[in-house]
Amino acid sequence: MASALEKVCTEVLKRITPRREERARILTLTEDLKKKVEASAEKAKVRTEVRVEGSIAKDTWLSGEPDIDIFMRMPKTMPRKEFGTICLNIAKNATHGFKQIERFAEHPYLESIISNVRVNIVPCYKVERGEWLSATDRTPFHTDYVKPLLNERLSGEIRLLKKFMKGTGVYGAEIKVGGFSGYLCELLTLQYGSFVEVLKSVADWKHGEIIDYEGYYKGRGDELRRVFEEPLIVVDPVDKGRNVAAAVREERLNEFVSAARAFLENPNLKFFFPPEVEAFNAEGLVQAIKVRGSTLVFVKFGKVKAVPDVLWGQLYRSQKSLKKMLRRFDFNVIRDEVWSNEENVNMFIFEVERRFLPSIKKHFGPPIEKREECERFLKKHIRAEWTISGPRVEDSRWVVEIQRRHTDIRELLFEKLKDGGRSVGIADMLSQAIAESFEVLVNEEILGLYSSNEEFAEFLTEYLKGRSRWLD
């Protein structure tokens, strides 16, 4: 088994390690962009220190997947109000003529696509360690901490871990994914020494696992768990008050643990290079929905004016509120999902046991021995227009059958969302888009979008199959 493991890792490493020509091209592009940002800042009469950060700076990037991160370290005297705007303009001028996308973390930054390479130009403050003014201020300290600890072998081990995480769908700290960042991959590899040792340790992780590379909280694990409530705790070596794994959702953590166990049991390239999703044709989709016997409900709406991280945060919060509402009205939600192309189509997906509920439901009152509660129950239900049968005593408690207010999930969603859904927990930025453009589609009524949108077709096919690709 060890030889199979080694064989897979060797083959993957060969594929994902940048070759000399690619490395030279990316480093040349990086240096050129750095100079352009410096020139743009000088033209704007802004004093800044421009640095290359991230995987390019640390040589942990994957062949064919370079991300160039250029940081502008601004003086602490720059007002917070002007910070994002000024830096965004500098970045836009430096990448003029190329595709530009405004992103937002704690403040705006620019993503640009240059020579098919994604470039992030990010502002931060030039501060002393621990004197953070913005979330990105730590990044240069992360680079300076990790770089001296790496060598060629460790860089390769980090590449293996990153590719494994990407292949199993747990890589990416953005809200959409809720997974592992590149910096977190680097710290895990430093902690355990190699990709395989990371997986062996991960396979035995429990909820509340602690990794404290610098030993800030040695022997004080319980104290640390009171400070951080996340399912995985990785203390930032440059800031002991920060959990590097704070973005990792429990779902992604559990997927990582499961994938690690499966890979160690049966090493295979599919964990790094999963098979492409082959979407059902129209007939196959209809059949896949029909065979489930459940009801799939799609709440579709249009463009939301928000950057991706904000959009996904609001989508997830609103989805959670809608699911609670559906359950409150007795619709049993089997599964639910969110999908967005981040441009002009957003969607909540709820799979429920059935679309229609019976007109009546049984409603249990208090036990007979609770006299005052019984009196209130009787007063409420005895002549109420919604009471169809009862009140009567059954098994030592009062019972009534009452008429349901909503028996059709489509009608319920229309009723609650027609004004934007603020009363049922729809987030502010989504509310207007929902009020103006929402549709409720049931089962095969989604076929129009499915047939015209390849990305959505692949997503829905994966949803219906309901199985991780590395299990195929």
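Read-outs: derived from the displayed coordinates by stated rules, not from any lab. These numbers were taken from a predicted model, which means no experiment stands behind them. Note: ideal-geometry Cβ built from the backbone for every residue, glycine included; neighbour counts use all protein chains shown.
At a threshold of 8 angstrom on Cα-Cα distance, excluding pairs fewer than six apart, so keeping six or more, what relative contact order does the stretch 18-141 reach in percent?
23 percent
Taking the Cα centre of the chain as origin, sum charge times position over the Cβ atoms of Lys and Arg (+1) and Asp and Glu (-1), and report the length of that vector in debye to the nearest 20.
Dipole of the chain, to the nearest 20 debye: 720 debye.
Among all the lysines, which ones have a C-alpha under 20 Å from Lys270's C-alpha, if same-chain residues fewer than 8 places away are not counted?
Hits, sequence-local ones excluded: Lys7, Lys14, Lys162, Lys163, Lys166, Lys200, Lys465.
Stretched out fully, how many nm does the piece from Asn332 to Gln432 gain, at 0.36 nm a residue minus the Cα gap?
33.2 nm
When the Kirkwood hydrodynamic radius is evaluated over all pairs of different C-alpha atoms of the stretch 334-472, what value in angstrom, to one decimal, is obtained?
18.8 Å
Please enumerate, by chain and number, the aspartates and glutamates with C-alpha under 14 Å from the C-alpha of Lys303, excluding those fewer than 8 residues away in the same chain.
Partners within reach: Glu342, Glu343, Asp428, Glu436, Glu439.
What FRET efficiency, computed as 1/(1 + (r/R0)^6) with R0 = 35 Å and r the Cβ-Cβ distance, is obtained for Ser389 and Val442, rounded to the nearest 0.05?
Plugging the Cβ-Cβ distance into 1/(1 + (r/R0)^6) gives 0.70.
Over the residues of the stretch 150-271, compute the C-alpha Rg and express it relative to 2.2 N^0.38 Å.
Compared with the compact-globule rule of thumb, the stretch 150-271 sits at 1.01.
State, to one decimal in nm, how far the label point of Glu458 lies from the label point of Glu49, with both points 7 Å from Cα in the Cβ direction.
4.1 nm
Give the residue list of GluC sites (Glu not before Pro) in the stretch 361-414 that are DSSP loop and have at most 16 other beta-carbon atoms within 10 angstrom.
Passing both the DSSP loop test and the Cβ count: Glu369, Glu385.
Hey, fewest Cβ within 10 Å first, where do Cys87, Cys374, Cys185 land in order?
Ordered by Cβ neighbours within 10 Å, fewest first: Cys374, Cys185, Cys87.
Provide the FRET efficiency to the nearest 0.05 for the Glu283-Lys7 pair, computing r from the beta carbons and using R0 = 41 Å.
For R0 = 41 Å, the calculated efficiency reads 0.50.
Using the Karplus curve 6.51 cos²θ - 1.76 cosθ + 1.60 with θ = phi - 60°, work out ³J(HN,Hα) for each residue of the stretch 266-278 in order, rounded to whole Hz, and write x for Gly and Pro.
8, x, 7, 5, 5, 5, 9, 10, x, x, 5, 7, 9
Using only the Cα atoms of the stretch 360-403, what are the Rg and Dmax in Å?
9.5, 27
If each residue's Cβ is checked for other Cβ atoms within 10 Å, how do Tyr192, Tyr463 rank with the fewest at the top?
Ascending Cβ contact count within 10 Å gives the list Tyr463, Tyr192.
Starting from the Cα gyration tensor of the stretch 415-469, take the square roots of the eigenvalues, sort them a ≥ b ≥ c, and report rounded, prolate or oblate (rounded when a/c is under 1.5, otherwise prolate if a/b is larger than b/c, else oblate).
Taking the square roots of the gyration eigenvalues as a ≥ b ≥ c, the stretch 415-469 is prolate.
Please state the shape class of the stretch 18-141: rounded when a/c is under 1.5, otherwise prolate if a/b exceeds b/c and oblate if not, all from the C-alpha gyration tensor.
Prolate, because a/c is 1.5 or more and a/b exceeds b/c.
What do you get when you divide the Cα radius of gyration of the chain by 2.2 N^0.38 Å, with N the number of residues?
For the chain, the normalised Cα radius of gyration comes out at 1.17.
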